[in-house]
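Coordinate-derived values only; no laboratory data. Computed from a prediction, not measured in an experiment: that's the story for all the values here. With ideal geometry, Cβ positions are generated from the backbone for all residues, glycine too; neighbour counts draw on all protein chains shown.
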Amino acid sequence: MNGHAPGAGGAAAPGAALDGSTFAATARAVSSSEEVSSKYAVKVGLAQMLKGGVIMDVVTPEQAVIAEKAGACAVMALERIPADIRANGEVARMSDPAMIASIQAAVSIPVMAKARIGHFVEAQILEALDVDFIDESEVLTPADEINHIDKHDYKVPFVCGCRNLGEALRRIAEGAAFIRTKGEAGTGNVVEAVRHARSVNGQIRKLVTMDDAELYTFAKELGAPLELVRRTKELGRLPVVQFAAGGVATPADAALMMQLGLDGVFVGSGIFKSEEPAKRAAAIVRAVANFRDGKVLKECSTGIGAPMVGIEMDALVQKWAGDARHDAL
Amino acid sequence: MASPTCPLLPPPRIGVLELHGDFAEHTAMLRARGAETVPLRCAADLSPTPPLDGLVLPGGESSTMAILLDALSMADPLRGLIAGGLPVFGTCAGAILLSDEVVGKGGEAASVALGGLDVATRRNGYGTQVHSFEAETAWLPADVAADADATTTAPTAATDDAGAVAPLPTGPLRVVLIRAPIFERLGPGVEELVSHEGRAVMVRGGSQRQVLAATFHPELTGDGRVHALFLGMVDERRRRLAADGGGGKKAAA
């Protein structure tokens, strides 16, 4: 995949780079423990199955069913979608387990749920609920401003957000099996997701051209483990699956992120804050499956009702991705 | 490069369904074994020139793929290709798409996407992601696989006119099962090739023994024997068609 990916430029042929065991092999760069790396292979495996798919935020079982019928490859169960969390400006926490369980009962596709950054007990509760993926998410109020969860300890895989390559590799080192851009969730404005995707791609392009002797200093600058920096250079892409997230509101937004080289898309407020959620959800799924086909994209973009109302970044009171508290992370 | 199993044939052309899931991993495994791959993203992709020699349906979410197959009008032509004898290999979600009967979450019947393989398959048979696992198992000896096939009238259909049937691999096999389905019932004539803890995890069947389906992911573990077995099935059919004078008489049977 990603023959078009700017991040793949200069690296080995994309198909060759992405051997079946490529992502599982990331585990060996993350940990020398056999037990950890075997567990990790199964975790990244699920992320590999999600590629080319759309993961949708849902707040009720009814919405989850709409998402599944539209072709979502997973749903993110949460109490309030980011647009409403923004409107309230309160502390945002893990959702009520009963609400997550009701969504698990309603669909057969994977169900994900969010824990606060650094809140390892919320993660333990989500694991006890048997969710399929935990999103350690900046959309919720951080519980720890310095440390993330040690994600190797869990059987459930984690997805984490990133704004740049260093942040992505630090999360992978902590055990994240799946990375997404941070974007600016709940705004319907894709500009931050594009910024973060381009930032990761640009840094990888730079890394690919580097001499091996330069990697030590680059790893120090990134604040990322040398082994993972080396692995990223070999592959010419992030060593795990990477999705876009934050502000995707239209089929065109989704295809834009795919053409920027991402493996799939999260859509949060964009669907259920729009005029015709079922139509828009199906259109975004089709746009991601045929993201390079202008004709399909034209059809997908036609007659799907009004999108959610977007927010311009300068008008934002609360910036999650740009929150200074995340800079240390 | 020539065909991996027959130096006289050109490389086989394998169509890989690229709507969603781990198709890039399948493509890499097939190319590493000398096959040409053709991405399948719309109905027109299903009838390229020269034609396809085989099909691969990747892992992912079967509901997502089934919905897209329908929306893109690809389901009917795919059913036609499979019924015509084109070898097809599905893993996980791909195996669900090929099942003649699909059992859903609460035991209710879920819709059949393509069919072609006489099995009843339960989606998420093992449960959620925390029940996903990697395990060591082994290829079943060929005589066991043949025993399972004893009820059919033509147990060696693939050997009848042109050339010997490719031998099944032997020895240990590492399998990774991710929110995997379970084959709950195998119809008559469906051979069990690999099992784990008493459950079939890879089977072969179909009207012309052209359908290979696994609930695990050989495309993720880097062990090429399963893809090599499938390419062997593809070449057997190509040799048979060549022996028939290049016609599709056999396929129409």
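Quick check: pseudo-label points 7 Å beyond the Cα along Cα→Cβ at residue B:49 and residue A:121, how many nm apart are they?
6.9 nm
If you plug each phi of the stretch B:60-70 into the Karplus form 6.51 cos²θ - 1.76 cosθ + 1.60 with θ = phi - 60°, what whole-Hz ³J(HN,Hα) values come out, in order, with x for Gly and Pro?
Each residue of the stretch B:60-70 in turn: x, 9, 5, 5, 4, 5, 5, 5, 5, 4, 5 Hz.
Over the stretch B:43-94, what is the mean sequence separation of C-alpha contacts under 8 Å (at least six apart), divided by residue count, expressed as relative contact order in percent?
Reported relative contact order: 59 percent.
Skipping prolines and chain starts, which residues have an amide H placed within reach, meaning under 5 Å, of the one on residue A:57, given they are 5 or more residues away or on another chain?
It is A:76, A:267, A:268, by chain and number.
Mind giving me the nanometre distance, one decimal, between the label points for residue A:32 and residue B:225, set 7 Å out from Cα along Cα→Cβ?
Distance between label points: 3.1 nm.
Using alpha-carbon pairs under 8 Å, 6+ residues apart, how would you state the relative contact order of the stretch A:93-151 in percent?
39 percent
What is the set of long-range amide H partners of residue B:216 at a cut-off below 5 Å, with H atoms built 1.01 Å from backbone N?
B:92
According to the Kirkwood expression over distinct Cα-Cα pairs, how big is the hydrodynamic radius of the stretch B:30-80, in Å?
About 12.1 Å for the stretch B:30-80.
For the stretch A:43-105, which semi-axes, largest first and in whole Å, follow from the square roots of 5 times the eigenvalues of its Cα gyration tensor?
That gives 22, 14, 12 Å for the three semi-axes.
Remind me, relative contact order of chain A in percent, using alpha carbon pairs under 8 angstrom and six or more residues apart?
21 percent
Starting from the amide H of residue B:9, placed 1.01 Å from N in the peptide plane, find each other amide H under 5 Å away whose residue is 5 or more places distant or on another chain.
B:3
List the GluC sites (Glu not before Pro) within the stretch A:71-175 that DSSP assigns to loop and that have no more than 10 neighbouring Cβ atoms inside 10 Å.
The qualifying sites are A:90.
With n ≥ 4 as the cut-off for DSSP H runs, can you work out [θ] at 222 nm for chain A, using -39500 (n - 2.57) per run divided by the number of residues, rounded to the nearest 500?
-13000 deg cm²/dmol
With viscosity set to 1.002 mPa s and temperature to 20 °C, compute the Stokes-Einstein D of the stretch A:212-252, Rh being the Kirkwood radius across alpha carbon pairs; µm²/s, no decimals.
176 µm²/s
Could you give the length gained on full extension between residue B:170 and residue B:136, defined as 0.36 nm per residue of separation minus the Cα-Cα distance, in nm?
Fully extending the segment from residue B:170 to residue B:136 adds 10.9 nm.
State the Cα centre-to-centre distance between the stretch A:161-177 and the stretch A:40-85 in whole Å.
21 Å
Looking at the protein assembly as shown, send over the antiparallel percent of its DSSP beta bridges, to the nearest 5.
Percent antiparallel among DSSP bridges in the protein assembly as shown is about 35.
Please state the equivalent ellipsoid semi-axes for the stretch B:48-125: what are the square roots of 5 times the Cα gyration tensor eigenvalues, largest first, in whole Å?
22, 13, 11
Quick one: 3J(HN,Hα) in Hz for the stretch A:293-310, Karplus 6.51/-1.76/1.60 with θ = phi - 60°, rounded, Gly and Pro as x.
Karplus-based 3J(HN,Hα) across the stretch A:293-310 equals 9, x, 5, 4, 5, 4, 4, 4, 8, 9, x, 10, x, 6, x, 4, 6, x Hz.
Determine how many Å³ per residue the convex hull of the Cα atoms of the protein assembly as shown encloses.
Roughly 141 Å³ of hull volume per residue.
Given Cα positions, please report Rg to Rh for chain A, the hydrodynamic radius being the Kirkwood one.
0.94
Using the Karplus curve 6.51 cos²θ - 1.76 cosθ + 1.60 with θ = phi - 60°, work out ³J(HN,Hα) for each residue of the stretch A:77-93 in order, rounded to whole Hz, and write x for Gly and Pro.
8, 8, 5, 9, 6, x, 4, 7, 4, 4, 4, 7, x, 9, 5, 9, 10
Kirkwood Rh, Cα Rg: Rg to Rh for the stretch A:186-329?
1.05
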